[in-house]
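Beneath this line is the structure, given in structure tokens, with notes to follow.
The values are calculated or read from the model by the stated rules, or taken from the named source; none is laboratory data. Note that the structure is a prediction, hence the values are computed from the model and not measured. Every residue, glycine as well, gets a Cβ built from its backbone with ideal geometry; the counts of neighbours run over all protein chains shown.
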Amino acid sequence: MPHTNGTIDTSQLLKGVLDIAVLAVLAEKDSYGYDVLRRLRESGLEDVGDASVYGTLRRLYQAGALKSYVVPSDEGPHRKYYGLNDRGRRALDQSTETWGSLTRASINCSTGGAPHMPDSNQADDVARYAAAVRAALTPLPEAERESLLEDLESHLEEVASESRLPLRERLGEPQDYAEELKSAYGAASVQANPKPPRLIRQRTAALIQRVLGTRTYRDMRALLPELRAGWWVLRAYLAVLILAFIFRDGGNLRPIPNPFSSHGLVQIVATVIAIVISVRLGRRGMPAGRVWRGGAVAVNFAIAVLALPVLVSMGTGYSWSPSTDQYLSSVSAGYYPNFTNIYPYSKDGKPLRDNNTLSRFIKPAARAIGLPWVNWRSLRTSHATWLKLVGADVKDAQAQMRHSRASTTLDIYQQFVPESQQRVVEKLSSLSKHIN
């Protein structure tokens, strides 16, 4: 639109060409908003404004011509990058072709029109173009090809008569024209039902980009580096737990080993050493070589996967080892410490876990006889004390309690009771009478 001073309003021209310019800049490489503005100004569009570029990027993105993703930045806020997708590249090609046509038309108008093509040159151009199209369609069956190209020359002559430009410049390359002709006609080489666009892949990519752009994902990504130290400790614990599971002697594993048993003490010491080694390796960072880096990732993944069945076995509370001993019973379990597969079952055949047995049977029975509170520890303590009252040998009591050391039975579980003390005093009195 001309101004009163006779100059041209370049803002209107810039508004019309800004879409093509932004698409052309993003065709070179993906960029964020301010980088697109900087590259446009370096290319000669010095009057373009930031709001115009931002609005154009958003409009093209909403139209489906651009992809978008967020990239963290160490120098400031996260940056939103834009890039061309397949639809954007097609839009750039079409816009470039349209702009070229407008430019040629403007030049023709300013120079009074291009010279007419002589009739002989026009006929030669039609003949050459038609021959090239026929050559591109040679693979088609002859009958179908002749039906398709029956009036090709006539149509090309009509097209050539309406313009002074050569047919290649107006219609494109003959090979492209032939492919378009086959597609429009529905030739045999073109599938009757072309494959639909890969909507699933496109929608999946769009969903991933949407998730990557959320604040929750950015916060989680920023938090993950802070959790690395915790993983260093956890993987050491899991590695020792896996080894303890492999070399166990048939007993059940516990999340926290028993420090009063030999195996438990060894497991605790091994865990501490493994944590120190794991933390030192973690502080060194990932290896530089691709092979070493892949090996480190594989080892971490293997530890996490192998630890799952170990943790599941710890949650069951049982260690199954089949036995064919005909004397297997609840009584013989006290005399054969290696038996670990004696389990109580309900009437319907389902196994009773220790917590179910305690809550469904033992606690109600205890309340019925006046004991307000009872647990497995109190029952084991009572059992060890009763063994002492009946005069059982300490080794027999140790076997009954399934303790690895007799000191555990004596120091922790067997208690002093008045009846036992009274019997000791009576025995001493009787002994003193015999001496006298």
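Of note:
- One residue alone among Ala130, Ala105 is at pLDDT 80 or above and over 50 Å from the mean Cα position of the chain (by Cα), and that residue is Ala130.
- Only one entry of Thr408, Thr385, Thr381, Thr324 meets the criterion of being polar (S, T, N, Q), modelled with pLDDT under 75 and not assigned by TED's automatic domain parsing to the domain that holds Ala244, and that entry is Thr324.
- Residue check, Arg280 farther than 30 Å from Val71 by Cα, basic (Lys, Arg), at pLDDT 85 or above and surrounded by fewer than 15 Cβ atoms within 10 Å (Cβ to Cβ): yes
- Scope the stretch 220-241; condition more than 17 Å from Pro309 (Cβ to Cβ) and among the charged types (D, E, K, R); matching residues: Arg221, Glu226, Arg228
- Hits in the stretch 18-44 - residues which are free of Cβ contacts under 8 Å to residues at least 60 places away in the same chain and within 18 Å of Ser95 (Cα to Cα): Leu18, Ala21, Val22, Val25, Glu28, Leu40
- Of all residue pairs spaced 6 or more apart or on separate chains, those with beta-carbon atoms under 6 Å, a first member in the stretch 267-290 that is touching a residue at least 24 places away in the same chain (Cβ under 8 Å) and a second member that is not in a helix (DSSP H, G or I) are Gln267/Pro257.
- Listed by first and then second residue, the pairs linking a residue in the stretch 210-224 that is closer than 16 Å to Tyr69 by Cα to a residue that is basic (Lys, Arg), with Cβ atoms under 8 Å apart and 6 or more places separating them unless they lie on different chains, are Gly213/Lys80.
Residue by residue, here is whether (1) surrounded by 15 or more Cβ atoms within 10 Å (Cβ to Cβ); (2) assigned to a loop (DSSP other than H, G, I, E, B) holds:
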| site | (1), (2) |
| --- | --- |
| Phe361 | no, no |
| Ala365 | no, no |
| Val374 | yes, yes |
| Ser378 | no, no |
| Thr385 | yes, no |
| Ala397 | yes, no |
| Gln415 | no, yes |
| Gln421 | no, no |
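- Tally, over the stretch 133-182, of residues that are of a type in the set (S, T, N, Q) and at pLDDT below 75: 4
- Only residues that are in a helix (DSSP H, G or I) and either over 20 Å from Ala302 (Cα atoms) or modelled with pLDDT of 90 or more (or both) were counted in the stretch 244-269, giving 8.
- Conditions (1) exposed (fewer than 12 other Cβ atoms within 10 Å of the Cβ); (2) in a loop (DSSP other than H, G, I, E, B); (3) modelled with pLDDT of 70 or more: number failed by Arg201: (2)
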